[in-house]
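Accompanying notes for the structure given below.
All of the numbers you see were taken from the coordinates with simple rules; none came from a lab. Keep in mind that what you see is a predicted model, and the values were worked out from it rather than measured.
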Amino acid sequence: MSKQFAVIGNPIEQSRSPELHHAFAQKTGLDIQYSKRLAPLDGFKDSVERFFAEGGIGMNVTVPFKEQAFAQCAVLTERAKIAGAVNTLWMQDGQLHGDNTDGQGLVNAIHALDWSLENTDILIIGAGGATRGVIYPLVQAGVKKIVIANRTLARAEQLVVDLKAAVPNAELQAIALNDLNGDFDLVINATSASLSGEALVLPENLQFKHAYEMAYGKPSTFLDQAKARHVPTSEGFGMLVGQAIESFSIWNGVKPELKDFL
Ligand code: ATR
């Protein structure tokens, strides 16, 4: 029987994880079956337990269950602890293990674009879970300074307080979105503005050399403004593929090449 994997969420129909993992398996010659599981909002824990009791090997977790997955794991990787959220589950020695591959997925996507992260100054707009998950992997990849700009300044300030100890070698700063200025190697839109069809207006005096939108397949005023300035841009499909490759590699011990799937 093929090895069983799944992605669990609510809703789940939109997930592209099955097609990605089947493509990785085909490329690496593995026999897997990767399905979508819709968990009831109050039934996440039971669904996970049932999946592994039935012999499942690995599970991805998506909205809105990443924090619940974090709470359910007996063993967590360092980056999952720092993210406070888990997107990758597996059983080992009878214990539920959890990792978070989202941040490394972003790093992989940026490297696949041949944009350097070493010694850079980065601006991240947004201070929610998406931002929390990427800071540690970005610093691990060599980023020197991260400014977190948020509409609600207090949330960005709290994130800096929470994460400072985890990234002692990098400079972390919080700023209100309205006060945004400066010159950055890369700006990342980690807000949910594009997902909800809202505009994000960048000040004229903000300078940047590259722009990455975490959402994908949605109209993005953020990307429109970056393109108008003729800087290289990319959107979140690479990050999605990148996180999937990291999960696949944890479970199967082989790592497909990101550029083959863009
Ligand atoms: P996620 O887990 O995807 O990061 P989240 O925790 O809901 O989602 O965070 C959404 C982020 O997008 C927040 O930083 C939010 O700003 P506030 O903290 O001020 O709410 C930001 N955001 C959402 N819509 C926005 C908009 N139209 N303009 C600017 N920021 C926006």
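The slack in the chain from residue 42 to residue 28, taken as 0.36 nm per residue of separation less the alpha-carbon distance, amounts to 1.4 nm.
If the viscosity is 0.890 mPa s and the temperature 25 °C, what Stokes-Einstein diffusion coefficient in µm²/s follows for the stretch 116-231 when Rh is the Kirkwood radius over Cα pairs? Taking Rh from Cα pairs, D becomes 174 µm²/s. The relative contact order of the stretch 116-231 comes to 26 percent, based on Cα pairs under 8 Å that sit 6 or more residues apart. Cα centroids of the stretch 73-119 and the stretch 209-262: 16 Å apart. Every helix of 4 or more DSSP H residues in the chain counts as -39500 (n - 2.57), and over all residues that averages to -10500 deg cm²/dmol at 222 nm. Couplings for the stretch 231-242, taken from phi via the Karplus curve 6.51 cos²θ - 1.76 cosθ + 1.60 with θ = phi - 60°, read 9, x, 10, 7, 10, x, 4, x, 5, 4, 5, x Hz in order; Gly and Pro are left as x.
Give me the angle, in degrees from 0 to 90, between the Cα long axis of helix 129-140 and the longest principal axis of the Cα atoms of the chain, rounded to the nearest 10. Rounded to the nearest ten degrees, it is 80. Just checking the listed ones, 29, 238, 103: in the Gaussian network model of the chain with Cα springs under 10 Å, the one fluctuating most is 29.
Helix 102-112 against the longest principal axis of the chain: what's the angle in degrees, Cα atoms only, rounded to the nearest 10? Result, in degrees: 70.
Here the scattering of the chain is modelled by Debye summation over its C-alpha atoms, one equal scatterer each and no solvent; at q = 0.11, 0.14, 0.15 Å⁻¹ the log10 of I(q)/I(0) is -0.60, -0.96, -1.09.
Taking the C-alpha atoms only, the angle from helix 153-163 to the longest principal axis of the chain is near 60 degrees.
Looking at the chain, the DSSP beta bridges with both ends there are about 20 percent antiparallel. Working note: Cα atoms of the stretch 1-83, range along each principal axis, descending, whole Å: 34, 29, 25. Grouping the Cα pair distances of the stretch 16-135 into 5 Å bins from zero gives a pair-distance distribution of 2, 10, 17, 20, 20, 16, 9, 5, 2, 0 percent in increasing distance order. For the stretch 58-174, the antiparallel share of DSSP beta bridges with both residues in that region comes to about 40%.
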